[in-house]
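The values are calculated or read from the model by the stated rules, or taken from the named source; none is laboratory data. Fair warning: this is a prediction, and the values are worked out from it, not measured in the lab. Here the Cβ positions follow ideal geometry from the backbone for every residue, glycine too, while neighbour counts run over all protein chains shown. Each accessible area value is taken on the protein alone, full model and side chains, heavy atoms only, with ligands, DNA and RNA left out. Shrake-Rupley method; radii C 1.70, N 1.55, O 1.52, S 1.80 Å.
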Amino acid sequence: MSAPDTLVQAVEAAVRDVAGPGRSPAQVTGDTSLTEGFWLDSAGLFDLVLVCEGRFGVTFDGDADFARATFATVRSLADRIHAKQRAGGRSPA
């Protein structure tokens, strides 16, 4: 199930907060790549995971949570967070 627009927007805000105004693309949307263009490096992705865990009450663990597909776009990250919230904050079975 896809994440609701409100969650996608909240993840967009988290991405902007982590990247900062000098490194964020001009417009961050659900389809914005998190890795292409190197605007969010590995340290930034790690920070984003920590921010998302705190803001959205989930815990990232296991291969599925850290798969490249999870961090492909803002929307794919929001979808993973949504699935985790529906599974009580843990990785869905």
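Shown for the chain: the carbon plus sulfur share of the solvent-accessible area, taken with all protein chains present and a 1.4 angstrom probe, equals 53%.
For the range 2-93, the list of GluC sites (Glu not before Pro) that fall in a loop by DSSP and count at most 13 other C-beta atoms within 10 angstrom reads Glu36. Since only Leu45, Val28, Ala83 are under comparison, the one whose Cα sits farthest along the positive direction of the charge dipole of the range 19-93, derived from C-beta charges on Lys, Arg, Asp and Glu, is Ala83. Restricting the range 7-47 to chymotrypsin sites (Phe, Trp or Tyr not before Pro) that sit in a DSSP loop and have at most 10 other Cβ atoms within 10 Å of their own Cβ leaves Phe38. Taking the longest Cα principal axis of the chain as reference, the axis of helix 42-56 is set at about 50 degrees. Over the range 23-93, accessible surface divided per residue gives 57 Å², non-protein components excluded, 1.4 Å probe. Here are several values of Cα extents along the principal axes in Å: (1) 43, 30, 22; (2) 37, 25, 21; (3) 32, 31, 22. Which one was derived from the coordinates shown? Read-out taken from this structure: (2).
To the nearest 10, the accessible area of Ser24 is 30 Å² with a 1.4 Å probe. When you filter the trypsin sites (Lys or Arg not before Pro) in the range 10-93 for DSSP loop state and at most 15 other Cβ atoms inside 10 Å of their Cβ, you are left with Arg23, Arg90. Across the chain, Cα pairs under 8 Å and at least six residues apart give a relative contact order of 37 percent. Taking Cα centre as origin and charging only the Cβ of basic (Lys, Arg, +1) and acidic (Asp, Glu, -1) residues, the dipole magnitude of the chain rounds to 180 debye.
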